[in-house]
Every structure is written in structure tokens, then in C-alpha cells.
Amino acid sequence: MESDVPSFPPGFVFGAATSAYQIEGGAAADGRGESIWDRFSHTPGRVHGGDTGDVAADHYHRYAEDIALMREIGLTAYRFSIAWPRIVPDGRGRVNAAGLDFYDRLVDGLLAAGITPFATLYHWDLPQPLQDAGGWADRRVVDAFTDYADVVSRRLGDRVDRWITVNEPWCISFLGHLTGEQAPGVRDLGTALRVAHHVLLAHGAAVPVLRANAGPTSQVGIVCNMTPGAAASDTEADRRAAERWDGFFNRWFVDPLAGRGYPSDMVALYGPLAPAVEPGDLERIATPVDFFGLNYYFRAVVSDDPDAPPLGLRSHEVPGATSTAMGWEVYPDGLRELLVRLHRDYGFAALYVTESGAAFEDRVDPDGIVRDPERLAYLRDHLAAARRAIDEGVPLGGFFVWSLLDNFEWAHGYAKRFGLIHVDYATQERRIKESGRWYAEIIHANSR
Ligand code: GCO
């Protein structure tokens, strides 16, 4: 194993990630309010098979068992999200003590197991009452988010010192409000761009609150998913299309976070639909962070297509490429490429891979073992890509596998399994897959 297992610098964090709506269940437990994902998943036709997160992996009731499994794998950190509707069921105002108590128990359990908690405040489960009042498209959501961040970090900030404001502004904005394939299912470019602006503002507003409540040793960051764009051919038109893809997917978020403002080529392309930026907004969005978290899954190969508004491009399958059960091309070097770019071009102080992982068709063999060689190879090759980035000078602090457990994969319901741990949804029985056993060996080999 030593030969093909990269060794990482001392202190490198080996984690796994989840999110509240995808694993917790307990949808009506202890005063939790309704979120946009409850509403969306209960709307016929929105989610594969009519699946909902009502029960999910029942982590709300089984968190102690799940911490024991994390320990068995040897994780040194665990990235989870806090459900806003458990804490502030109406989105603003009244705080639900029982919701805070749950995360209190979770955090104490993690710390007792020697696992560092990385808490994400927003992983897509907006309280439905806020959606009814305009949701992320209404600028007042920024204050509601800041208040929520304050409540949570006052309670947990004495023990949690790694904080993430929001997960994947691109998905919140464009899957939620342009393609409509995710909650709240809106389809309007102008709305999506307004949402993006408010998500970034909410992030910037929450950073100083989290720092103040979590103390001087705390580190606060944001997590973005990035998908590099490659031109399908060497023509000028296709190269420009790849630039637009990059502007749409990556630069629209990372540029303002890094203090560069919105990219001017995309502002020109969006024209009157570009968001209204008030004085002070860009400074707030660029509030310095302690780290930037990258979620990476695949790249896009694109060509120019003037008949495909608004970007004027289309994406292509790569002939002969290996892909996952999501249909995503397996392209590990994209991870190295992005990490090097984030460091060299944007200069973030520290980076984490906050998600990397893959769905494949898993089955439990008659002997009770889940053999998942494709996931193991995927993780091995992406860890190796992360290691190459470190060799190129990238200050990479850790790597979080998506995901700890099989879970509710949004519009795909339970049909797609990303876990290191298999979940039998009928019995809630957990089984560490072979990829999880392999990850345990990597962590162990690196702990010496
Ligand atoms: C996402 C989310 C996860 C997904 C994962 C696989 O970032 O999209 O953080 O919730 O489940 O990415 O699609």
C-alpha cells in the first residue's frame, strides 16, 4: 500500500462530509420547522421516486452510532450542516432550544471521539416561511441569516472553531432558481443572479459574527463547487465558450469573494439582469476568510452554440471517458488544476477539499460486504491529485470525502449512493464499504 498511497503533511485533515437534510430525517422532531426541501420533495414530480428527507438515514436519532462509525474509519474531522429550520423554525425570531440541543450533543460526541467538527450553516434547507416572504431573492434574507449565524455560534462557538457559512452558492442560485431542478424550483435568470448576490452578501455579513462568537482561534470560510470548463476544440469560438462557462460557474462567485468584484465579461453578458450592487456590497462580500473550501466532482467540455441562451454554449460527453452513476466524467486532474488556480490566482490563505466523491451502483454481497472498487479508485486518484497540488505549493489543509453515509441525493432521491458507509433504508443498518475500509487504511498510514 505504501507505494501507491500518497503520504500527506503532518496534521492533514482526513474527513467526510454530510448535510442536514440529506441524512437527518426527524423532519417533524422536536419543533423543527418546514424547509424549502420539505416543500419541494413533497411536491409530486420534483424528486425521483417521490422520495423525501422525512426519515433519510435517521441520523437525528442515530448520531451516536454514526460517530462510532466515524471513529472506526479513523476520521480526524467531520463536516456536517446545521438545519436552520431546527434552530429558527420561522426563519427569523423565535429560537427552538431543542434544535440547538441536538447539535450540542452531536458536537460533544464528536469532540469526545477526537473528531474535529466543521460546521456548515447553510446547506440548502431554507425555512419555508422565509421562502414565502421572497426567499434568497429578497435582500432581507441577509439579516435573517446573520441572526441565525449569531444564535448558532453563540451556543456552539465555545467548542466549534471551524465554520463554513454557505455551501455551494452556484447550486443555490442556478439549480434552485434557473434550471429549477432543486428547491425552490424557480426558473428565471434574473432571480438566480439576485439570489447569488444575496447569498454572497449573507456569507460576508456572517463572517465577523462567527469570528466574534467562536473566538480568536476560530477559522471561518465558505464552500464553493467549481467545474472547470475545457474547450471542445481549439477554435476561437470554443475557447471563448469555455471562458463564458468559467465566468458563469466559477468566476461569478470566486472573483467577488476574492475582492475582484463581478467579472466584467459576465456583467456585460447578463446586461440588465445583472444584480443591483449597492455601495459597500462588494467590500462586504470580500470580507477576508480564513480558508476557502472547494467541492469538486467533474469538469465540463463545452463548445460554442449561439442558439443556446443565455451562455451560447453546450456541453459534451467525452468519448471513452469513465463516468459515475451521476453521468459525471471522472477527471481527477481537474482537482489539482483548481487547487493550484485558487492558490496562485486568488491567493486564499488556506484551502480545503470540502467535498470529493462519487456515486456508483452498490450492492451488498451475500457475505454482507459492499465491494465498490470504482469508488475506491475514484478516491485514490482524487487524493493523489490533491497531493500533487501540495507538491506544487498549495496550502491544502485537508480532504473531506462526500459522503460519510449514503443519503438523500436531492432530486435523485435515494437512487444515488455516495457513502463510504452503505445504508439499508428499510432497516437503517449501516455497513462500511470497502472504499471506507481503504480510506481507514490511508488515514492510519498517515497518522504515523
Ligand atoms: C453538493 C452537495 C452535496 C451533494 C453532492 C453530490 O454539493 O451538491 O454539497 O449535497 O450531495 O455534491 O451531488
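The values are calculated or read from the model by the stated rules, or taken from the named source; none is laboratory data. Being a predicted model, the structure only gives us computed values, none of them experimental. Every residue, glycine as well, gets a Cβ built from its backbone with ideal geometry; the counts of neighbours run over all protein chains shown. Each accessible area value is taken on the protein alone, full model and side chains, heavy atoms only, with ligands, DNA and RNA left out. Shrake-Rupley method; radii C 1.70, N 1.55, O 1.52, S 1.80 Å.
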*GNM on the chain, C-alpha springs below 10 Å: top fluctuator among Q219, Q128, Q428?*
Q428
_I want to verify a result. In a Gaussian network model of the chain, Cα cutoff 10 Å, which of these has the top mean-square fluctuation: G347, G176, G229?_
G347
*asked:* Nearest 5 percent is fine: what portion of the DSSP beta bridges confined to the chain is antiparallel?
replied: 20
*What's the local net charge at Y296, with K and R +1, D and E -1, over the other residues with C-beta under 13 Å away?*
-3
_Net charge over other residues, Cβ less than 11 angstrom from the Cβ of A359 (K, R count +1; D, E count -1)_ = -3
*Determine the share of segment 13-445's accessible area contributed by carbon and sulfur atoms, expressed in whole percent, with a 1.4 angstrom probe.*
50
*Any idea what Rg and Dmax come out to for segment 13-445 if you just take the C-alpha atoms, in Å?*
20.4, 63
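In square angstrom, what is the accessible area per residue of segment 13-445 with a 1.4 angstrom probe?
35
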*In whole Hz, with x marking every Gly and Pro, tabulate ³J(HN,Hα) for segment 134-150 from phi via Karplus 6.51 cos²θ - 1.76 cosθ + 1.60, θ = phi - 60°.*
x, x, 5, 6, 9, 4, 5, 4, 4, 5, 4, 5, 5, 4, 4, 4, 5
*List, in order, the whole-Hz ³J(HN,Hα) value for each residue of segment 167-173 obtained from phi through the Karplus relation with A = 6.51, B = -1.76, C = 1.60 and θ = phi - 60°; use x for Gly and Pro.*
9, 6, x, 4, 5, 4, 6
*Measuring from a point 7 Å past the Cα of V340 along Cα-to-C-beta, which residues in segment 387-405 have an amide N at less than 12 Å?*
388-394
*Please find, in a Gaussian network model of the chain (springs between Cα atoms separated by less than 10 Å), the residue of L269, L282, L294 whose mean-square fluctuation is greatest.*
L269
